[in-house]
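Report on the following structure.
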Amino acid sequence: MPDSDTGAPPRVVLVTAAALAVALAVAVAVFALTRPSPSDTAGPLPLVPVPAPFAGSPGCTTLLGSVPAELTSNGTALKVRELATPAPPATVAWGTDDPLVLRCGLNRPPELTPTAQLRLVNGVQWLQVPGEGASTWYVVDREVYAALTVPDTAGTGPLQEISDTVAAKLPARPLRFS
């Protein structure tokens, strides 16, 4: 019943409404703090297959069996990501929002020419092929060609870490232009 002097609702109604508002605010805060982040709930990563005629080679088996379970990019740990089926052979990915993808057993990149600009990273020669929003870096001085696609938002850490793995597991070979 309203207060006859002011027309306000009874005190018990005001207290109950305030308590419900506080309970709702607490419930929203608890939900926001305990729900999984989008990166925790990301499903398997679908990838388009690319020709990888040497994906089953011993070099790819060695390389992919030695890659780290996580890479560090701009101070963030990127964990290995599950690939959707059918997954391309000899492929591994890390991260969720802008994943990094390593493919092994590829054909020689057509951009690899005697005048191509190569970069030496931790003892491994790479050929960078820029793309829209990402670059693909090809390992060009080993028994198999591998490519690491790195989003433009990533730091240099992943390329360095994969270089360390390549250098440790696959011996260097002379460049092949045909």
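Taken together, the values in this text are just the output of simple stated rules run on the coordinates, not laboratory data. All values derive from a computational prediction rather than experimental measurement. Please note: Cβ atoms are built from the backbone with ideal geometry, for glycine as well, and neighbour counts cover all protein chains shown.
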*Scan the range 102-178 for chymotrypsin sites (Phe, Trp or Tyr not before Pro) in coil per DSSP, keeping those whose Cβ has at most 13 other Cβ atoms within 10 Å, and list them by number.*
PHE177
*Subtract the Cα-Cα distance of ALA77 and ALA172 from 0.36 nm times their separation in residues, and report this length gain in nm to one decimal.*
31.3 nm
*asked:* Over the range 65-157, what is the relative contact order in percent, taking alpha-carbon pairs closer than 8 angstrom and at least six residues apart?
replied: 25
*Report, in whole Å, the centroid distance computed from the Cα atoms of the range 132-178 and the range 89-104.*
13
*Residue-span extension gain [GLN160 to THR61] - 0.36 nm each, minus C-alpha spacing*: 33.6 nm
*So which trypsin sites (Lys or Arg not before Pro) in the range 76-178 are both in a DSSP loop and have at most 11 other Cβ atoms within 10 Å of their Cβ?*
ARG176
*Once the piece of chain linking LEU120 and VAL50 is laid out straight, how much longer is it, given 0.36 nm per residue of separation minus the C-alpha distance between them?*
22.7 nm
